[in-house]
Amino acid sequence: MKNGRLTILALGVPVALVAQAPAQAPAPVSLGQRLRAESPAVDRLLAEFHAREAFQKAEALVPASVPAFDKATLNGALMSYFASSDLVRVYYLAGRTAESAGYWEKALEYFIKARDLAKSNAENVKDCFPKFADTLKAGVDVDKKALDENRDRTKELRAKQTLDPGEQQEMDIIKGVEDRVATNEKWVGKCLAYVDAAKKEADAFTAKPDDLDKQIKAQAKELEDYKFKNDKEKWVEGAMSSKAYMASFPDNTTKAYYMFRMNVLDPSNKKVLREIDILQGKTPAPEAKPAKGKKKGK
């Protein structure tokens, strides 16, 4: 402190040394807004067994390209992280609806895209966010040193009942530095938290492609081993004519899942089409036949 005033270090911390973090996370990008707006309608269509319509609505959200990840600034990296995370969810929604609609191969493509983008997002976040945290921490250290050097002057100013214009200016500078320290310390933690969050997200999307790929291959093997080798029409007809198979579904959601797949394998099978119509409420379900009574004397 010189002549009872703040030292030059506190009055003017070099801007280049202080990485100013944004006061808050950037607003959701338009893709995220569209996803949140459309998701309830997609889920409703799935619940009503209109999986094909749900898939069309979900696929309409998929952009033509994946934006590059901006590592130049913290704001740019944050926007890229959130945008990539939204796109991962769009891919997954498209995959989930495609799978429900019976388009397992198309679903696999989207699940792979979701997995790969989530992994890439996590790698990008891990590469740049700790660096931003280090820069922010360096700025915090500079500011804290300035505050420490002016601790006596700060105490003196705060002890006064009233401040003259010059003293008020000093107090405003002190408060500004203190606020900057609090903000940047918060963002140091957030940067490191985003690294963990991105890693968890990548892990969450890892297994689905492999699981669906196994399912596709298992069905292909079943068709290969069928007595009418790879005859999808006969295979579907055989399944639809089996009372045991048709009674094996634990609920209508599972039934719809396999009916739509049957429809992909044989689009012309009328039994499949009728079951889908019944599920969607377009055709009334057949009345259950009454149990046969015992004959007299038996």
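Readers should treat all values here as calculations from the given coordinates under stated rules, not as data from a laboratory. Just so it is clear, the model here is predicted, and its values are computed rather than measured. A quick note on method: Cβ atoms are made from the backbone with ideal geometry, for glycine too, and the neighbour counts reach across all protein chains shown.
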Using Cα-Cα distances under 8 Å and only pairs 6 or more residues apart, what relative contact order does the range 173-298 have, in percent? 13 percent
About its Cα centre, how strong a charge dipole does the range 226-279 have in debye, to the nearest 20, once Lys and Arg get +1 and Asp and Glu get -1 at the Cβ? 180 debye
Placing +1 on the Cβ of each Lys and Arg and -1 on the Cβ of each Asp and Glu in the chain, which of Pro286, Leu74, Ala218 has its Cα farthest towards the positive end of the resulting dipole? Pro286
Between Gln161 and Lys144, what is 0.36 nm times their sequence separation minus the Cα-Cα distance? Round to one decimal in nm. 3.6 nm
Under the definition of Cα pairs under 8 Å and six or more residues apart, what whole-number percent is the relative contact order of the chain? 22 percent
Simple spin-label estimate for Asp152 and Glu222 in nanometres, 7 Å along Cα-Cβ: 8.4 nm
Take the alpha-carbon centre of the range 244-258, take the same for the range 140-167, and report the distance between them in whole Å. 73 Å
How far apart, in nm, are the 7 Å Cα→Cβ label points at Leu192 and Asp213? 3.6 nm
As a footprinting exposure proxy, order Thr283, Thr183 by other Cβ within 10 Å, with the fewest listed first. Thr283, Thr183
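Across the range 226-279, how large is the tail of the calculated P(r) beyond 18 Å, expressed as a percent of all Cα pairs?
26 percent
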With N set to the number of residues, divide the alpha-carbon radius of gyration of the chain by 2.2 N^0.38 Å and report two decimals. 1.63
For the range 144-261, the dipole about the Cα centre with charges only on Cβ (Lys and Arg +1, Asp and Glu -1), to the nearest 20 debye, works out at 500 debye
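Treat every Asp and Glu Cβ in the chain as -1 and every Lys and Arg Cβ as +1, leave all other atoms uncharged, and give the resulting dipole magnitude about the Cα centre to the nearest 20 debye.
1820 debye
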With label points built 7 Å along Cα→Cβ from the Cα atoms of Asn252 and Lys229, find their separation and express it in nm. 4.2 nm
What are the ³J(HN,Hα) couplings of the range 194-200, residue after residue, when phi is run through the Karplus curve with 6.51, -1.76, 1.60 and θ = phi - 60°? Round to Hz, x for glycine and proline. 5, 4, 5, 5, 5, 5, 5
Shape descriptor, the range 200-293: equivalent ellipsoid semi-axes (Cα gyration tensor, sqrt 5λ, whole Å, largest first) stand at 28, 20, 13
Taking loop as defined by DSSP and a crowding limit of 11 other beta carbons within 10 Å, which trypsin sites (Lys or Arg not before Pro) in the range 117-161 fit? Lys160
Taking the beta-carbon count within 10 Å as an exposure proxy, list Tyr257, Tyr103 from fewest neighbours to most. Tyr257, Tyr103
Straight distance only, please: which aspartates and glutamates reach the Cα of Lys229 with their own Cα at less than 16 Å, same-chain residues fewer than 8 apart left out? Glu237, Asp266
